[in-house]
Every structure is written in C-alpha cells, then in structure tokens.
1. Calculate, in nm to one decimal, what E25 and T84 gain on full extension: separation in residues at 0.36 nm each, minus their alpha carbon distance.
2. Percent antiparallel among DSSP beta bridges with both residues in the chain, to the nearest 5?
3. Using only the alpha carbons of the chain, determine the length spanned along each of the three principal axes and report them from longest to shortest in whole angstroms.
4. Compare the Cα positions of F166, T133, A148 along the charge dipole of region 11-172 (+1 at Cβ of Lys, Arg; -1 at Cβ of Asp, Glu; about the Cα centre) and return the one farthest towards the positive end.
5. Just rank S77, S141, fewest to most, by other beta-carbon atoms within 10 angstrom.
6. Between the DSSP loop rule and a limit of at most 16 other Cβ atoms within 10 Å, which trypsin sites (Lys or Arg not before Pro) in region 46-82 are left?
7. As a test of the definition: which semi-axes, in Å, follow for region 1-92 when you take the square root of five times each eigenvalue of its alpha carbon gyration tensor? Largest first, please.
8. When C145, C164 are ordered from fewest to most other Cβ atoms inside 10 Å of their Cβ, what list results?
Amino acid sequence: MPGIDETRQFIPLRIAVLTVSDTRELADDKSGNTLVERIAAAGHHAAARAIVKDEVDAIRAQVKAWIDDPAVDVVISTGGTGFTGRDVTPEAVEPLFEKKMDGFATLFLLVSHGKIGTSAIQTRATAGVANATYVFCLPGSPGACKDAWDDILVHQLDYRYRPCNFVEILPRLDEHMRRPKAKGATA
C-alpha cells in the first residue's frame, strides 16, 4: 500500500511559485496563496514567488531563472494552462523540459475529473524536469491548485512516501549531464 514510511526522515524542498496572470497581484493571488500555504504546511520552503503576465517570454524567463538557480528544487506555476488566446504557459515552459512528465498530466486529469467531471478536459496542465528541477504547470484556479497539491504533489514531494517519490531521485536528475546542481544531495 502506498503511504508514509515513518522510519524515513522528511527532507524539505525549496519550491518557487509562479502565478501567470494579466490581472492578479500578490494581494489577490488566491491560487498562489493556496500553493504557498500548502508548501509551508507540508514542511517545505517557499524559495521564491512571482507574478508574470500571460506572455511566453516573461513566463519562460522567470521559469528559466529558477531552474538555473541552485537554491530552487521545484517550480510550480499556476495559470495559463487553458485554451484561451492568452493561455500560453505550456508553450512557454515545455521547450525548457529535458524530460516531459506525461504521467502528471494524466493523473491530474483523473483527479480533476473526480472533482469537476468532464470540465477537467479543459486543462493543459503539464510537468517535466529541467536542469535537475521539477516543474509543474497547474491551472489558475485555487481549487485546481488544491487538488494537484493535496492529491499528487504533497505525496510525490515527500521523501517518506512509498513505494517511490520524486525526492529520492532528485540527486540523479542531472547525472546524464554531469551538472553540479544536484551534486552533494543526500536524499
């Protein structure tokens, strides 16, 4: 059965949160706040937070800065994953991926379907690995952020979660490139 192995020590990660929106500011960023609150409640650290407009160059520049930062283990974005003309987060971020995480999009769709029915088909949530950093792109609603965190990310970003999790392979994400980002990690 999947679950927490209490014999393993929790390893806090450094997680950056990006809100993609033409209208949000920190004061009214409910989705970003939802993620930051859950990150802290789980024992992780909010390494950085930003809001950028729904523009490919702005989104890509911020995500690239964080994946190049050795103080960031995970990037979670919220917003810009729908079908409107301004929704460009997947187009901005996916070219940065060395490996795309198709299973995340599938599992998120299953989780969402259980909560919102066939409306779940309207998401283009995506995830991948770039420069030894996990990147997750979520829809812009607080409910979607809550569902993605509570039903997927809280488990996979916990070293104690069995039978496997993302944290235990973090030190090996860049072994093919021999980059120093994960060097010295003991997870």
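Just so it is clear, none of the values below were taken in a lab; they were calculated from the coordinates. Since the structure is predicted, the reported quantities are computational estimates derived from the model, not experimental observations. Neighbour counts run over all protein chains shown; Cβ positions are idealised from the backbone, glycine included.
1. On the way: separation 59, 0.36 × 59 = 21.24 nm, distance 2.05 nm.
Using 0.36 nm per residue and subtracting the Cα-Cα distance, I get 19.2 nm.
2. Expressed as a percentage, antiparallel bridges in the chain total about 35.
3. Between the extreme Cα coordinates on each principal axis of the chain lie 44, 35, 30 Å.
4. Checking the options against the dipole of region 11-172, the answer is F166.
5. Values: S77 32, S141 17.
If I rank by nearby Cβ atoms, fewest first, I get S141, S77.
6. On the way: sites: R49, K53, R60, K64; in loops: K53.
Those that pass, being in a loop and sparsely packed, are K53.
7. Semi-axis lengths for region 1-92 are 27, 14, 13 Å.
8. Numbers: C145 27, C164 10.
In order of increasing Cβ crowding within 10 Å: C164, C145.
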